[in-house]
Amino acid sequence: MSQGRIPVIFDTDPGVDDALALLFALAHPDIEMLGITTVFGNVEVPQATANALLLTHLCDRDVAVAQGAGKPWRKAPHPPPAFIHGADGLGELALTRPATRCADSRSAANFIVDTVMARPGEVSLVAVGPLTNLADALTLQPDLPTHVKSIVIMGGTVLEPGNVSPVAEANIWNDPDAADRVFTAGWPLTMVGLDVTHRVVVTVEMLERVAAAHQHPATDALLHAFRFYANFYATRHGHLVTQPGSYAHDLLAFMYLLHPDYFGTESGVIRVALEGLAQGQTMMCRQPFMHYAQAGWEANMPQSKACMSVQSQACLSLLEETLMQPWLSP
Ligand code: BDR
Ligand code: CA
């Protein structure tokens, strides 16, 4: 392992904020991107794979991309939210990956297992889509949690209202069964949910500065996609009309990986509501001394961390500094 670099597998459904997170990760010198695994969510999974291949191509990085789950474990799939990310997931970018850039022959779950087991105890997973691939990897390799260094998830919420229902966040709601499997697997897991992602607004203006500085197809594509995404956010949130931008969501998973000191966390058992009006809700036991009698909240259930506060300005400064440095070849 190169000194100081964090080896990472990025599990993603690109998606505009996924694309921002990916470019940040590729630009950051302390992240060693071992591979990208794709999942349905913001788009159908073949499109997610095509987008990952396109984005890595634009950034001139030959990172492995392995395609994963095309549907949830049990619930019926929901149509992708084209009104948020565009029909192509990248704000109607109208670019296609070159035919020479192809996906890995392994499934995402197999790729995750192979890559983690090749470097036991070293690899971190950053997952920013529905958690189906991670749950599938646990089925393939039940002791995977003891071999993973850490896992950071963008998804869920503890106190902040949901974004697909009053209580559910989109990634968890898209596959609640897989998410509950992942939250109870017993690995060093941190949830970066809406409690913090709704506190950090990335502005279009910042990405305009980045694009102007680089004059590069990768940052131009990001700006194009991000403008589309910001237009959606402006229809929902008044403060994003005067200062166009969007919540940082997936980006913050990498921020946590690099800078856990930017976040305040709480620990506790996190479970997911599988059915009914609360489907997809992440419920955290914040009072372990209560010894609840209901099954599922036993004292020996694995605990996770949830991010509850964030230093917003520190995250935004790190984003801009990272994207501004000369990380793209001319
Ligand atoms: C999450 O849902 C997706 O739309 C975004 O990419 C992000 O991962 C936010 O709820
Ligand atoms: Ca995502």
*Cross-link partners among lysines for Lys305, C-alpha distance below 24 Å, same-chain residues fewer than 8 apart left out?*
Lys149
*asked:* Using a 1.4 Å probe on the protein heavy atoms only, what accessible surface does Trp327 show? Give it in Å² to the nearest 10.
replied: 20 Å²
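Rounded to the nearest 5, what is the percent of antiparallel bridges among the DSSP beta bridges in the chain? Mind showing how you got there, number by number?
Details: 13 of 37 bridges.
Antiparallel bridges: around 35 percent, rounded to the nearest 5.
Counting only heavy atoms of protein chains, what accessible area per residue, in Å², does the chain have with a probe of 1.4 Å?
Values: 13150 Å² over 330 residues.
In whole numbers, the chain has 40 Å² accessible per residue.
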*Peptides 300-306, 252-258, 63-69: what's the order by average Cβ count within 10 Å, highest mean first?*
252-258, 63-69, 300-306
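Full-extension gain between Arg101 and Asp261, please, as 0.36 nm times their residue separation minus the C-alpha to C-alpha distance. Can you show the working numbers first?
Details: separation 160, 0.36 × 160 = 57.60 nm, distance 3.73 nm.
Extra length available between Arg101 and Asp261 comes to 53.9 nm.
What is the percent carbon and sulfur in the accessible area of the chain, measuring with a 1.4 Å probe over the protein chains and ignoring ligands?
Working: 7140 of 13150 Å².
Roughly 54 percent, rounded to a whole number.
The values are calculated or read from the model by the stated rules, or taken from the named source; none is laboratory data. Remember, it's a predicted structure, so these values are computed and weren't measured experimentally. All Cβ positions, glycine included, derive from the backbone under ideal geometry; neighbour counts span all protein chains shown. All accessible areas refer to the heavy atoms of the entire protein, side chains included, with ligands and DNA or RNA removed. Shrake-Rupley method; radii C 1.70, N 1.55, O 1.52, S 1.80 Å.
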